[in-house]
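First up is the structure itself, then whatever we jot down about it.
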Amino acid sequence: SKLNKIIRMYFQYKPICKEERNISNRPEKIKSSFQIEYNYKGLFSLPNSFFKHPSLISLIATASSSKINLQENIKIRYNEISQWLKSISKINKDGKEYMEGYYGASIIQDSQLMFLEKILCIGNHKNFHLHFTRGNFNDNIKANKNEVNHRNDLLKQKEKNKLFYNGNYARNNNNILKLTSKIRNTMLVNFDTSYHSVSGKFVAVNTWRNLYLYDNRIFMKNFKNDIGNLTVDIMLDASSSQIDRQEIVATEGYIIAESLTRCKIPVKVYSFCSTKDYTIINLFRDYNEIDRNEKIFEYNCSGCNRDGLAIRTSLHMMKNSICEHKILIMLSDGKPYDTYEYADQVSVNDTALEVRKGLKNGISIIGVFTGSDRDVPDARKIYGHNLAYIKSTERFADTVGVILENELKNF
């Protein structure tokens, strides 16, 4: 139906007369040619870029011009399109091999990845791809020289991150103790009481909130023994704009993760960057992996960053959590720039929109800003009042602690 509208609008297509519409009156070879055109599987599930292919345009124009040469022309165009599809498939395969060679093997199946891209890679991120990895490389695949050098750089950066953390161990450990204390105190004061929830003890006087505010939290629940009802995701901006601060970002990510782990709050930590139309999500630890915080020191920067797609992907992954309360902490320099089409205010507005969508769905989003003063306005536009501006590493725990306190109190 959609294709018919395109043909009528752009190719001035006129329906054939009633006699010609009756396929049974046509020669057998013409019937078979139409079967070739309409029985081609996958035609209507192709990406929109397919309909820009000149061979398809020529196919449509030729098919309506002559009945005699219809079968021959369709076969020719069909072969051309088949070759084009094979080349697209090869490009996608080469892109995947490149990602696995430089960033590590994929941790999800191709079918699942295609499903995610269909949902997430739309709008400003149309025709882009995702690559999920844990940074583990397949030793059975022979790597080229550039890939080997890149992997060696990853190992060197990991050691630099560890040396930086241990070189400031007293200060970093003090930050962990302070942040842990702030979180625990907030939980003791606020979470030992009842709070509004979507389940629990029904409170009749709150029914009006559901009718007029569309708020389904009309029950009361006690949080005392329910710490599993909260999860925190930490996402680290791993673009090249952070390359001079790699050791600092890795340390900050570790401090937050370790503090939350000591408070027995499930934490997931991953980084993101963009290369060759791909956004790479590198998972360091999952919610139940309480002994893998050291993996955060594998943090490494490269490429650009497409913050809008990264946040959209993160929020989609968080939907799988059964916990009612969810927090996303984003460590970023406030510059969500990728290609020239995704830069400046386009990227800022897109990222801000994704943040607003997350907030609307009940997910708290905190921006830990690590950039320069000139990027503060954009960062505030993206994260609003939930922006922790880190001006001093000594006051890192205090700054992040205040924002976390406020979010935990609002639950």
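So here's what we get for this one:
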{"quantity": "Neighbour net charge for Ile363 - beta-carbon separation under 10 angstrom, K R +1, D E -1", "calculated": "+3"}
{"quantity": "Heavy-atom SASA rank of Asp233, Asp110, Asp378 (probe 1.4 Å, accessible area, largest first)", "calculated": "Asp110, Asp378, Asp233"}
{"quantity": "Spatially close lysines, pair count over the stretch 259-360: Cα under 17 Å, gap of eight or more or interchain", "calculated": "8"}
{"quantity": "Positive minus negative residues near Thr133 (Lys, Arg vs Asp, Glu; Cβ under 12 Å)", "calculated": "0"}
{"quantity": "Per-residue SASA entry for Ile108, accessible area with 1.4 Å probe, Å² rounded to 10", "calculated": "40"}
{"quantity": "Accessible surface, 1.4 Å probe, highest first, among residues Lys326, Lys409", "calculated": "Lys409, Lys326"}
{"quantity": "Anisotropy class of the stretch 249-379 from Cα gyration tensor, a/c 1.5 cut", "calculated": "prolate"}
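The values are calculated or read from the model by the stated rules, or taken from the named source; none is laboratory data. Just so it is clear, the structure is predicted and the values come from calculations on it, not from any experiment. Please note: Cβ atoms are built from the backbone with ideal geometry, for glycine as well, and neighbour counts cover all protein chains shown. Side chains included, ligands, DNA and RNA excluded: accessible areas come from the protein's heavy atoms. Shrake-Rupley method; radii C 1.70, N 1.55, O 1.52, S 1.80 Å.
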